[in-house]
């Protein structure tokens, strides 16, 4: 089978990948590299002057293609990138084309895919994000991304969760030809050494913004510290909005827990694995999620997940068996969970071990690549 994967903006240094759809795509490549199939990943990069071709493995290569000269991605995806896609399709002659991003990026298929069947992994849903954001400019962006996604959407969809299926089909233009396949987690996370004793260390990973809700994390850590139980919190990620950055820093100053919170910025994959070795808990405080990869990574690394019960999160683990759920924005309920876990090495170890086993069955790259290839075959035989 010849597989063409399309996604914008993959870093040339793969160790610089910062999670999300980019990690998902590279992890899938790693799984496919263990098979006999031929794969090409084509990625479009803003600011790139000329094409760069790299060999990932014996049967897999990566093509970095200049996105175009327009200042807006959408214009490049409509007027520049389709010509590159057509060239790649004619040269590579894929059996199947796998889009890893929807929205305006799907316009790159406007000149055709040479008769190859195509599939989209629905990592997010623009129309749903339009509803949740309060920023007017973002609402408009999500709206036109959502509309164009419906116009250019492939006939086949890979959803990450049942929540994603429900949300995707809630709006006109939903697709009935779909399957459920989570994002893949590479071997390195499963090889993270297990801790026997806790030092009450929490990781918070992702963009620092209103949706990821780091101000709520600070409020909760301050509240539980009043009981004499302190957690160290390492926030890994970057600020996307200066207004929210000021809000977070002001909250930190007034809370009295600045000595417990560390901002580490974005880390490489190798640096992140080192952070997982020292951590006890992943804390997710999001107000909206689909199926966050960071939860699967934490489970694979043998860490306890404490997460807001939003979106597809409750599908990822069993509450109080392989992780802990709490209602979003509920400081009291989160503090109750953290109080139970504070200095409780036995409970942390038991839950983490069960989560690791569950993650291996659901998220390991071998399992995910096998399911993905089976769906490709089903599409081709349909």
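Say whether the condition of being without any contact (Cβ under 8 Å) to a residue 60 or more places away in the chain and under 27 Å from residue 38 (Cβ atoms) is met by at least one residue in region 131-153.
Yes, that holds for at least one residue.
Within region 10-31, take every residue that is over 12 Å from the mean Cα position of the chain (by Cα) and buried (at least 16 other Cβ atoms within 10 Å of the Cβ) and give me the one that is nearest to residue 45 (Cα to Cα).
Going through the qualifying residues, I end up with 10.
Which is in contact with a helix residue (DSSP H, G or I) (Cβ under 9 Å, 6 or more places away or on another chain) and surrounded by fewer than 16 Cβ atoms within 10 Å (Cβ to Cβ), of 55, 49, 34?
Of the residues listed, the single one that is in contact with a helix residue (DSSP H, G or I) (Cβ under 9 Å, 6 or more places away or on another chain) and surrounded by fewer than 16 Cβ atoms within 10 Å (Cβ to Cβ) is 34.
Just the residues that are touching a strand residue (DSSP E or B) at 6+ places or on another chain (Cβ under 7 Å) and surrounded by 14 or more Cβ atoms within 10 Å (Cβ to Cβ), please, taken from region 318-337.
323, 324, 325, 326, 328, 333, 334, 337 - these are the residues of region 318-337 that are touching a strand residue (DSSP E or B) at 6+ places or on another chain (Cβ under 7 Å) and surrounded by 14 or more Cβ atoms within 10 Å (Cβ to Cβ).
Determine which single condition residue 95 fails, assuming it passes every other condition in (1) more than 20 Å from residue 11 (Cα to Cα); (2) free of Cβ contacts under 8 Å to residues at least 60 places away in the same chain; (3) crowded, with 17+ Cβ neighbours inside 10 Å.
It fails just one condition, (2).
Has region 240-263 got at least one residue that is free of Cβ contacts under 8 Å to residues at least 40 places away in the same chain, on the phi > 0 side of the Ramachandran plot and surrounded by fewer than 14 Cβ atoms within 10 Å (Cβ to Cβ)?
Yes: region 240-263 contains one or more residues that are free of Cβ contacts under 8 Å to residues at least 40 places away in the same chain, on the phi > 0 side of the Ramachandran plot and surrounded by fewer than 14 Cβ atoms within 10 Å (Cβ to Cβ).
State the number of residues belonging to region 196-229 that are in contact with a strand residue (DSSP E or B) (Cβ under 9 Å, 6 or more places away or on another chain) and part of a loop (DSSP other than H, G, I, E, B).
8
What tally of residues in region 155-181 results from selecting those that are part of a loop (DSSP other than H, G, I, E, B) and closer than 17 Å to residue 310 by Cβ?
Of the residues in region 155-181, 3 are part of a loop (DSSP other than H, G, I, E, B) and closer than 17 Å to residue 310 by Cβ.
Restricting the first residue to region 186-206 and requiring it to be assigned by TED's automatic domain parsing to the domain that holds residue 302 and on the phi > 0 side of the Ramachandran plot, which pairs with a second residue that is surrounded by fewer than 16 Cβ atoms within 10 Å (Cβ to Cβ) and in a loop (DSSP other than H, G, I, E, B) meet a Cβ separation below 7 Å and a spacing of at least six or different chains?
From residues that are assigned by TED's automatic domain parsing to the domain that holds residue 302 and on the phi > 0 side of the Ramachandran plot, the pairs are 200/230; 200/343.
Would you check if there is a residue in region 312-330 being touching a residue at least 40 places away in the same chain (Cβ under 8 Å), within 24 Å of residue 213 (Cα to Cα), outside the structural domain of residue 167 (by TED's automatic domain parsing) and part of a helix (DSSP H, G or I)?
Yes, region 312-330 contains at least one residue that is touching a residue at least 40 places away in the same chain (Cβ under 8 Å), within 24 Å of residue 213 (Cα to Cα), outside the structural domain of residue 167 (by TED's automatic domain parsing) and part of a helix (DSSP H, G or I).
Just the residues that are more than 14 Å from residue 304 (Cβ to Cβ) and out of contact with any helix residue (DSSP H, G or I) (no Cβ under 8 Å at 6 or more places or on another chain), please, taken from region 333-352.
The answer is 333, 336.
List the residue pairs whose Cβ atoms are under 7 Å apart, where the first residue sits in region 65-83 and is not assigned by TED's automatic domain parsing to the domain that holds residue 10 and buried (at least 18 other Cβ atoms within 10 Å of the Cβ), the second is assigned to a helix (DSSP H, G or I) and at pLDDT 95 or above, and the two are 6 or more positions apart or on different chains.
From residues that are not assigned by TED's automatic domain parsing to the domain that holds residue 10 and buried (at least 18 other Cβ atoms within 10 Å of the Cβ), there are no pairs.
If you take the residues in region 162-186 that are touching a strand residue (DSSP E or B) at 6+ places or on another chain (Cβ under 8 Å) and closer than 15 Å to residue 293 by Cβ, which one is modelled with the lowest pLDDT? Write out each step before concluding.
Taking region 162-186 first, the residues touching a strand residue (DSSP E or B) at 6+ places or on another chain (Cβ under 8 Å) are 162, 164-165, 168, 175, 177-181, 184-185.
Those left that are additionally closer than 15 Å to residue 293 by Cβ: 164, 181, 184-185.
Working: 164: 90, 181: 96, 184: 94, 185: 94.
The extreme case among them is 164.
The values are calculated or read from the model by the stated rules, or taken from the named source; none is laboratory data. Quick caveat, the model's predicted, so the values are computed rather than measured. With ideal geometry, Cβ positions are generated from the backbone for all residues, glycine too; neighbour counts draw on all protein chains shown.
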